[in-house]
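This report concerns only the one structure given below.
The values are calculated or read from the model by the stated rules, or taken from the named source; none is laboratory data. Remember, it's a predicted structure, so these values are computed and weren't measured experimentally. Here the Cβ positions follow ideal geometry from the backbone for every residue, glycine too, while neighbour counts run over all protein chains shown. All accessible areas refer to the heavy atoms of the entire protein, side chains included, with ligands and DNA or RNA removed. Shrake-Rupley method; radii C 1.70, N 1.55, O 1.52, S 1.80 Å.
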Amino acid sequence: MEIANEATYQAAAKVAGTIEAHFKKHLCAAKENGEDDLATVPAARQVEKIIDVAFWASLRKEEGNAIRISLAFLPPVQAGKPLLFEKPLLLTPQLLTKLAPGVERPGIHIGVWPVGDELYVWGTTIKLPNLCFVLDVSEPGLLVVKHRRAAGLGKFTNVAMLRGDQVKVVNEDSGMLPDSPPILKSLLGLTPSCLWNNSVNVLIQIAVSMRAHKRGGILLVTPSNSDAWRESIIHPLQYPINPAFSGVADLLRYDGKSVTEIFWQNALRREVENITGLTAVDGATIVNDQQELLAFGAKITRAKDAWPIDKVLLAEPIEGGVPTLIHPSAIGGTRHLSAAQFVHDQHDSQALVASQDGYFTIFSWSNHQQLVQAHRIDILLI
């Protein structure tokens with residue numbers, strides 16, 4: 001279907017064809033796998049128009065406030081029980097600006113669908129078909145294209161990020177490299193889990209929450225069957241937890257039969273906020289791989305007889321991204337250097353580092369490369 005008006009945001013035209021191809025690929029694969037309730041692939045011209053309108057709307061303010069909205073490409077018949085306008089309204093920056101205060105809460109999507117050669121807003125919905133095209137306006141000039149996972153569980157899968165004239169397209173193959181951490185594979189949709197109490201999905205929610213508080217922080221994830229991590233921490237611990245706090249861990253033990261998914265998700269959200277709030281305290285927060293809280297405000301030190309780390313392999317899961325060997329302090333300063341040193345000394349551990357400016361990095365040990373790898377994943381968490 002052709003859209004009559006020309007887009008004026010050049011980045012929209014640059015990325016539209018790539019986005020259309022992404023959705024075609026995934027929807028075709030889903031059909032072959034027998035998935036149902038699948039979305040419709042938006043044409044490149046439609047993608048371009050939606051991005052263009054959303055971008056210019058993002059630069060506006062409503063009553064002095066920047067807008068945060070989510071647009072979804074779907075007809076009302078696929079939206080469950082949608083909120084319908086009496087008549088569809090032409091998709092324009094002015095319309096999105098006016099609607100924004102009423103639809104800025106997470107989980108509410110503005111429904112967009114073509115009528116003839118134009119795109120119209122028909123209302124809002126909280127239900128989306130599988131692999132539905134979604135465009136989030138996260139902040140002025142920052143747009144994220146994503147889709148609902150086929151399993152319908154976990155965080156949406158990000159496809160591309162547009163920030164002004166900067167365009168980054170997610171490279172799904174980057175998660176297939178040797179020793180890619182499970183959290184990266186899950187965010188890229190390479191290892192989808194149908195279990196809502198999957199530990200990796202929970203760790204993703206913790207990462208999203210860490211980034212959201214905008215204070216920066218370190219989360220160390222250590223093996224539950226070893227105390228070797230203590231060799232890389234200054235003692236005495238400032239805020240040790242004894243016994244280990246098991247708020248999140250207890251939720252992971254549910255089998256899905258004793259509580260409903262909605263109850264579990266709400267309970268998890270509270271427990272995640274409880275843990276990630278502590279990551280804003282100066283020092284590292286420490287949990288084990290069972291998500292039991294061991295300490296917070298911990299100071300990282302080089303383990304006895306360990307060598308100072310002098311390089312990490314930095315990678316970002318985007319098209320055209322090339323892994324680069326750099327000094328860890330060049331990624332973000334002392335916080336990143338100490339996290340990298342911890343993983344360098346404790347190969348069975350991971351370090352999740354949030355920066356105040358929104359960047360997010362996972363440090364893990366690569367047996368294949370025999371060094372610490374640093375994955376910048378903020379593009380997947382927005």
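Roll a 1.4 Å probe over the protein chains and send me the accessible area per residue for the stretch 182-380 in Å².
With the other protein chains kept in place, the stretch 182-380 gives 48 Å² per residue.
Considering only lysines 8 or more places apart in sequence, or on different chains, count the pairs in the stretch 182-380 whose C-alpha atoms sit under 25 Å apart.
Number of lysine pairs found: 4.
Looking at the stretch 182-380, what % of its DSSP beta bridges pair antiparallel, to the nearest 5?
75
Hey, what do the phi angles of the stretch 292-298 turn into as Karplus ³J(HN,Hα) couplings, whole Hz, using 6.51/-1.76/1.60 and θ = phi - 60°, x for Gly and Pro?
Result, rounded to whole Hz: 8, 7, 9, 5, 9, x, 7.
Just tell me which aspartates and glutamates come within less than 15 Å, Cα to Cα, of LYS87; anything on the same chain fewer than 8 places away is out.
Counting by Cα, and skipping residues close in sequence, LYS87 has these aspartates and glutamates nearby: GLU118.
Who wins for biggest fluctuation among HIS368, HIS213, HIS327 in a Gaussian network model of the chain, springs between alpha carbons below 10 Å?
Top of the fluctuation ranking is HIS368.
Rounded to the nearest 10 Å², what accessible area does LEU337 show when all protein chains are kept and the probe is 1.4 Å?
In the full protein context, LEU337 sits at about 60 Å².
How many Å² of accessible area per residue for the stretch 10-169, probe 1.4 Å?
For the stretch 10-169, the solvent-accessible area averages 45 Å² per residue.
May I ask you to evaluate 6.51 cos²θ - 1.76 cosθ + 1.60, the Karplus curve with θ = phi - 60°, for each residue of the stretch 314-325 and list the ³J(HN,Hα) values in order in whole Hz, giving x for glycine and proline?
8, 9, 10, x, 10, 4, x, x, 10, x, 10, 7
Beyond 21 Å, what share of the Cα-Cα pairs of the stretch 293-382 remains, rounded to the nearest whole percent?
27
If you take the Cα atoms of the stretch 1-121, find Rg, then find the Kirkwood Rh from the mean of 1/r over all pairs, what is Rg/Rh?
0.97
On the full set of protein chains, 1.4 Å probe, figure out the accessible area of THR301 and give it in Å² to the nearest 10.
Ignoring ligands and nucleic acids, THR301 comes out at about 50 Å².
Have a look at the stretch 182-380 and give its Rg and Dmax from the Cα atoms, expressed in angstrom.
For the stretch 182-380, the Cα-based Rg and Dmax read 16.4, 50 Å.
Any chance you could give the angle, 0 to 90 degrees and rounded to 10, that helix 10-32 forms with the longest Cα principal axis of the chain?
Between the helix axis and the principal axis of the chain, the angle is about 80 degrees.
Take the chain, connect every pair of alpha-carbon atoms lying under 10 Å apart with a spring to form a Gaussian network, then pick out the residue of ASP36, ASP173, ASP289 with the largest mean-square fluctuation.
Of the options given, ASP36 has the highest mean-square fluctuation.
Of the heavy-atom accessible surface of the chain (probe 1.4 angstrom), what whole percent is carbon and sulfur?
Of the solvent-accessible surface of the chain, carbon and sulfur hold 51 percent.
Divide by every residue of the chain the summed helix terms, -39500 (n - 2.57) for each DSSP H run of at least 4, and state the resulting mean residue ellipticity at 222 nm, rounded to the nearest 500 deg cm²/dmol.
-8500 deg cm²/dmol
Largest first, what is the accessible-area ranking of THR125, THR191, THR92 with a 1.4 Å probe?
Descending accessible area places them as THR191, THR92, THR125.
Select from TRP307, TRP113, TRP229 the residue whose mean-square fluctuation is largest in a Gaussian network model of the chain (Cα-Cα springs shorter than 10 Å).
TRP307
Which angle from 0 to 90°, rounded to the nearest 10, does the C-alpha axis of helix 44-58 make with the longest principal axis of the chain?
For helix 44-58, the angle is close to 70 degrees.
Could you work out how far apart the two model spin labels at GLU63 and GLN265 are, taking each label as a point 7 Å from the Cα in the direction of the beta carbon, and quote it in nm?
In this crude label model, GLU63 to GLN265 measures out at 2.8 nm.
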